[in-house]
Amino acid sequence: MQAAAWRRHLLDGHLSPTTAAAISAFRSASQPALAPQGLGGADGARYMSARAPAVKGTGHLVRKGTGGRSSVSGIIATVFGATGFLGRYLVQQLAKMGTQVLVPFRGSEDCHRHLKLMGDLGQIVPMKYNPRDLNSIKAVMAKSNVVINLIGREYETRNYGFEEVNHHMAEQLAMISKEHGGIMRFIQVSCLGASASSPSRMLRAKAAGEESVLKEFPEATIMRPAIMIGTEDRILNRWAQFAKNWGFLPLVGDGSTKIQPVYVIDVAAAIVNSLKDDGTSMGKTYELGGPEIFTVHELAELMYETIREWPRYINVPLPIARAIASPREMLLNKVPFPLPTPSISNLDQINAFSVDTVVSENALTFPDLGIMPHKLKGYPVEFLVCYRKGGPAFGSTVSKIRSSEL
């Protein structure tokens, strides 16, 4: 420190008074911008006490710039599960407003590289971690003031079960966030339909995770998105691939179950809007469903219309669908090798589709966060044009014509 001060003294001695005054003004202007980087431990407490109390949202954080990607939003967010489907859209929207995003990852160095392009230089920070190591989790949260948990999985593997991924990890993150002392917002992303009485084990685990998060961190915000639709989704893509490979699509029962799919970008926008408020969304639960309710059959019709194929279905009774999907669940931990990832024959998803999953009547939804969700037909499903057998311009825009209309 003394050597640096001496060099600065020598440098200033050789500058003109005008230049020296300009450098001094630049130093004094740039020093406050460094304060938000130390949000953690004793330094974090000092900076927070100088800015605003930690009990109200992120609306009082120090901000610099016009609000674009090169600005400073004051938010340093650790986004667990950022390398997944929703994560890439959330990171993009956070980075676009000048947020520094810490991206914990446990896979290879390639799994997060697409995220680094979304923010300004140094704003997207990948950090290797182990979700079963408390010290590793604390390290990736040390300098954060916002924690967002997107971790979840709709099928089990030999290493990770529903309870650990959807319940215990969420509880652990909430507990560490509370102990941290500098975490101003905690957002838990659950699933629409999460309930202790759900026929789906994943949804039961999600409900238990919500309860544990609110117990550990009562100010947490719970987001319950419905089935998300987008370029990398796990429903329309899988249906289209199956229909292209086999020439038909199996529907459990008669496809009459009601669902309320939502555009993934709307879900990411809802999370970002909840961070921008003055704390009004803290401790609340939001159910994020699209503006339209579909049956499973109607959603499949939309998929066929977009890929411009003649729809062909096979109705599979629920007991038979469960019997087809059960062997993987029975053998999962009994064979000495990993089993293939289920696509449309996922037993837990079959159970989830056995009951309607729509937004509750009096629930807080998108309008309460200042968002009007997109309808699915049109741009949100435009990514399916890659499945047209003759290219994006193949076929007619009219998918079906009745003989009486000819």
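The values are calculated or read from the model by the stated rules, or taken from the named source; none is laboratory data. Not measured: the values here are computed from a predicted model. A quick note on method: Cβ atoms are made from the backbone with ideal geometry, for glycine too, and the neighbour counts reach across all protein chains shown. Quick note on the areas: whole protein, heavy atoms, side chains included, nothing else; ligands and nucleic acids left out. Shrake-Rupley method; radii C 1.70, N 1.55, O 1.52, S 1.80 Å.
Working only within the range 141-155, note down all residues that are within 13 Å of GLY81 (Cα to Cα) and at pLDDT 95 or above.
Residues satisfying the conditions are VAL147, ILE148, ASN149, LEU150, ILE151.
For the range 321-340, which positions are farther than 20 Å from GLU298 by Cβ, in a helix (DSSP H, G or I) and open to solvent by less than 90 Å² (accessible area, probe 1.4 Å)?
Let us first name the residues in the range 321-340 that are farther than 20 Å from GLU298 by Cβ, namely 322-340.
Filter once more, keeping what is in a helix (DSSP H, G or I): 322-331.
Those that are farther than 20 Å from GLU298 by Cβ, in a helix (DSSP H, G or I) and open to solvent by less than 90 Å² (accessible area, probe 1.4 Å): ARG322, ALA323, ALA325, SER326, PRO327, ARG328, GLU329, LEU331.
Quick one: in the range 170-189, of everything that is in a helix (DSSP H, G or I) and touching a residue at least 60 places away in the same chain (Cβ under 8 Å), which residue is most open to solvent (accessible area, probe 1.4 Å)?
HIS180
Considering only the range 255-293, state which residues are buried (at least 20 other Cβ atoms within 10 Å of the Cβ) and either basic (Lys, Arg) or part of a strand (DSSP E or B) (or both).
Those that are buried (at least 20 other Cβ atoms within 10 Å of the Cβ) and either basic (Lys, Arg) or part of a strand (DSSP E or B) (or both): ILE259, VAL262, TYR263, TYR286, GLU287, LEU288.
Answer yes or no: is there a residue in the range 217-231 that is under 16 Å from the mean Cα position of the chain (by Cα) and surrounded by fewer than 18 Cβ atoms within 10 Å (Cβ to Cβ).
yes
Return yes or no: is VAL147 in a helix (DSSP H, G or I) and out of contact with any Gly (no Cβ under 6 Å at 6 or more places or on another chain)?
Numbers: in a helix (DSSP H, G or I): no; out of contact with any Gly (no Cβ under 6 Å at 6 or more places or on another chain): yes.
In short, no.
All but one of (1) more than 17 Å from VAL189 (Cβ to Cβ); (2) touching a residue at least 40 places away in the same chain (Cβ under 8 Å); (3) open to solvent by less than 50 Å² (accessible area, probe 1.4 Å) hold for PHE80; which doesn't?
Condition not satisfied by PHE80: (1).
Tell me, yes or no, whether the range 242-252 has at least one residue that is of a type in the set (D, E, K, R) and in contact with a His (Cβ under 8 Å, 6 or more places away or on another chain).
The answer is no; no qualifying residue exists.
LYS143 - would you say it is among the charged types (D, E, K, R), open to solvent by 30 Å² or more (accessible area, probe 1.4 Å) and touching a strand residue (DSSP E or B) at 6+ places or on another chain (Cβ under 8 Å)?
Taking the combined requirement at face value, the residue satisfies it.
Can you tell me which residues in the range 213-244 are touching a strand residue (DSSP E or B) at 6+ places or on another chain (Cβ under 6 Å), within 30 Å of GLY182 (Cβ to Cβ) and not in a helix (DSSP H, G or I)?
Passing the criteria: PHE217, ALA220, THR221, ILE222, MET223, ARG224, PRO225.
Considering only the range 342-396, how many residues are touching a residue at least 40 places away in the same chain (Cβ under 8 Å), more than 30 Å from ASP278 (Cβ to Cβ) and in a loop (DSSP other than H, G, I, E, B)?
Qualifying residue count for the region: 17.
Residue under question is VAL252, and the condition is that it be within 21 Å of SER195 (Cα to Cα) and either in contact (Cβ under 8 Å) with a residue 60 or more places away in the chain or surrounded by 21 or more Cβ atoms within 10 Å (Cβ to Cβ) (or both); does it hold?
Answer is no for this residue.
Return the pair list, or none, for Cβ contacts closer than 9 Å from residues in the range 302-318 that are under 21 Å from PRO261 (Cβ atoms) to residues that are part of a helix (DSSP H, G or I) and acidic (Asp, Glu), at least 6 apart or on different chains.
Every condition considered, the pairs that remain are THR306/GLU382; PRO311/GLU301; PRO311/GLU305.
If GLU298 satisfies every condition in (1) assigned to a helix (DSSP H, G or I); (2) modelled with pLDDT under 95 but one, which is the exception?
Among (1) assigned to a helix (DSSP H, G or I); (2) modelled with pLDDT under 95, the lone unmet condition for GLU298 is (2).
Table: residues versus (1) over 27 Å from GLU382 (Cβ atoms); (2) touching a helix residue (DSSP H, G or I) at 6+ places or on another chain (Cβ under 8 Å); (3) among the small types (Gly, Ala, Ser).
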{"residue": "VAL146", "(1), (2), (3)": "yes, yes, no"}
{"residue": "GLU156", "(1), (2), (3)": "yes, yes, no"}
{"residue": "GLY161", "(1), (2), (3)": "yes, no, yes"}
{"residue": "LYS178", "(1), (2), (3)": "yes, yes, no"}
{"residue": "SER200", "(1), (2), (3)": "yes, yes, yes"}
{"residue": "ALA207", "(1), (2), (3)": "yes, no, yes"}
{"residue": "GLU216", "(1), (2), (3)": "yes, yes, no"}
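Which numbered condition in (1) modelled with pLDDT under 95; (2) closer than 30 Å to THR66 by Cα; (3) open to solvent by less than 30 Å² (accessible area, probe 1.4 Å) is the only one that HIS114 fails?
The number of the failed condition is (3).
So, ASN130, is that one surrounded by fewer than 18 Cβ atoms within 10 Å (Cβ to Cβ), in contact with a helix residue (DSSP H, G or I) (Cβ under 9 Å, 6 or more places away or on another chain) and of a type in the set (S, T, N, Q) or not? Full working, then the answer.
Details: surrounded by fewer than 18 Cβ atoms within 10 Å (Cβ to Cβ): yes; in contact with a helix residue (DSSP H, G or I) (Cβ under 9 Å, 6 or more places away or on another chain): yes; of a type in the set (S, T, N, Q): yes.
So ASN130 passes the test.
Could you list, in sequence order, the residues of the range 325-344 that are among the hydroxyl-bearing types (Ser, Thr, Tyr) and either at pLDDT 85 or above or touching a strand residue (DSSP E or B) at 6+ places or on another chain (Cβ under 9 Å) (or both)? Reasoning before the result, please.
First, the residues of the range 325-344 that are among the hydroxyl-bearing types (Ser, Thr, Tyr): 326, 341, 343.
If the condition is that a residue be among the hydroxyl-bearing types (Ser, Thr, Tyr) and either at pLDDT 85 or above or touching a strand residue (DSSP E or B) at 6+ places or on another chain (Cβ under 9 Å) (or both), then SER326 is the only one that fits.
Restricting the first residue to the range 101-127 and requiring it to be among the charged types (D, E, K, R), which pairs with a second residue that is in a loop (DSSP other than H, G, I, E, B) meet a Cβ separation below 8 Å and a spacing of at least six or different chains?
From residues that are among the charged types (D, E, K, R), the pairs are ARG106/TYR129; ARG106/ASN130; ARG106/PRO131; ASP120/ARG69; ASP120/SER70; ASP120/GLY98.
Which condition does ARG158 not pass, out of (1) farther than 26 Å from ARG69 by Cα; (2) in a loop (DSSP other than H, G, I, E, B); (3) modelled with pLDDT of 95 or more, if it passes all the others?
Answer for ARG158: the failing condition is (3).
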